[in-house]
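S.K.: This is the structure I want to talk about, given as structure tokens.
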Number of protein chains: 2
Amino acid sequence: MQPKTLDQFTARAAVLKALAHPSRLFMVDQLSDGPKCVADLQELVGADTSTVSKHLSVLYNANILAREKCGNQVFYSLRMACVMGFFQCVESVLSGQAQITADLVEDLK
Amino acid sequence: MQPKTLDQFTARAAVLKALAHPSRLFMVDQLSDGPKCVADLQELVGADTSTVSKHLSVLYNANILAREKCGNQVFYSLRMACVMGFFQCVESVLSGQAQITADLVEDLK
DNA sequence: TATCTATTTGGCTATTTTGCCAATTAGGCA
DNA sequence: TGCCTAATTGGCAAAATAGCCAAATAGATA
């Protein structure tokens, strides 16, 4: 693989890597409804605030989310709305193979 | 997050996680042209055969690739073709922010 | 059968990721 | 100023990932 090609795929992979976590994916999904602050998302996800904050930073650094300070809270919003279309792609494959998907989820436990 | 919701996002994240690697992304890209055997991909990627084989298994287990044995070689093909459309989405985010992307690649080095 | 090729699997170490707690920073407000 | 809330950062231990080599497996062919 050429260095230039490697850089290109590394950049793409970085975006996917940022999305590739259940909690982060869930937060992206929630943010497709509109901006939310850290505390909102913390309650929805149910993890420690610091954990949620770190997940949000991962998404922000990958340019998936935008961030705006408002008073002493920080609102995150979805910058990369097209990711929602990808879920349909994934869903179309997974839903067509309920058994495989179920196995997959089991394996992951 | 409800258990059912968690399962759903875990399944989605598993697909993204499988894609979230430069070499695997590159292989998926190459396979969008048509099926290839392990040795073909090994040469294109330039890693150890066992490494390539393991990457292919990751993609196969995530239902992204199909696998067919032919003689003593194994051909992999793209099962989830819609992922290619998603790359355009990723690209649109990256290309619209060349500077940020360059920083990202640098950070990753 | 013996052997060669293609692929997968096992095992190992190095690296990365995750998620919690504790501590810090930053912004309101009395 | 002092205090409270919101969010981030540092640090740590557990878990997962990556990639190499060596070994095993499966199929073709002499």
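The values are calculated or read from the model by the stated rules, or taken from the named source; none is laboratory data. Small disclaimer: the values here were computed from a predicted structure and weren't measured. Positions of Cβ are generated from backbone atoms using ideal geometry, with glycine treated the same way; all protein chains shown enter the neighbour counts. Each accessible area value is taken on the protein alone, full model and side chains, heavy atoms only, with ligands, DNA and RNA left out. Shrake-Rupley method; radii C 1.70, N 1.55, O 1.52, S 1.80 Å.
S.K.: Give me the residue from the stretch A:33-43 that is open to solvent by less than 60 Å² (accessible area, probe 1.4 Å) and within 13 Å of another protein chain (Cβ to nearest Cβ) and, out of that set, nearest to DNA strand C (Cβ to nearest atom).
M.R.: If we take residues in the stretch A:33-43 being open to solvent by less than 60 Å² (accessible area, probe 1.4 Å) and within 13 Å of another protein chain (Cβ to nearest Cβ), then A:Gln42 is nearest to DNA strand C (Cβ to nearest atom).
S.K.: Taking the conditions exactly as written (more than 12 Å from chain B (Cβ to nearest Cβ) and either modelled with pLDDT of 95 or more or buried (at least 17 other Cβ atoms within 10 Å of the Cβ) (or both)), does A:Thr51 satisfy them or not?
M.R.: Working: more than 12 Å from chain B (Cβ to nearest Cβ): yes; either modelled with pLDDT of 95 or more or buried (at least 17 other Cβ atoms within 10 Å of the Cβ) (or both): yes.
In short, yes.
S.K.: A further question follows. Being modelled with pLDDT of 95 or more and polar (S, T, N, Q) is the filter; apply it to the stretch A:62-83 and report the residue that is farthest from DNA strand D (Cβ to nearest atom).
M.R.: Checking each candidate, the answer is A:Ser77.
S.K.: When you go through B:Ala18, B:Ala13 one by one, which is the residue that is near DNA strand D (Cβ under 9 Å from one of its atoms), in a helix (DSSP H, G or I) and open to solvent by less than 20 Å² (accessible area, probe 1.4 Å)?
M.R.: Numbers: B:Ala13 fails: near DNA strand D (Cβ under 9 Å from one of its atoms).
Matching residue, one of B:Ala18, B:Ala13: B:Ala18.
S.K.: Give the stretch A:1-31 a look and list any residue that's touching a residue at least 12 places away in the same chain (Cβ under 8 Å) and either more than 7 Å from chain B (Cβ to nearest Cβ) or at positive phi (or both), or say none.
M.R.: Result: A:Ala18, A:Ser23, A:Arg24, A:Met27, A:Val28, A:Asp29, A:Gln30, A:Leu31.
S.K.: Of all residues in the stretch A:61-78 being open to solvent by 80 Å² or more (accessible area, probe 1.4 Å) and within 14 Å of chain B (Cβ to nearest Cβ), which is farthest from DNA strand C (Cβ to nearest atom)?
M.R.: This residue is A:Arg67.
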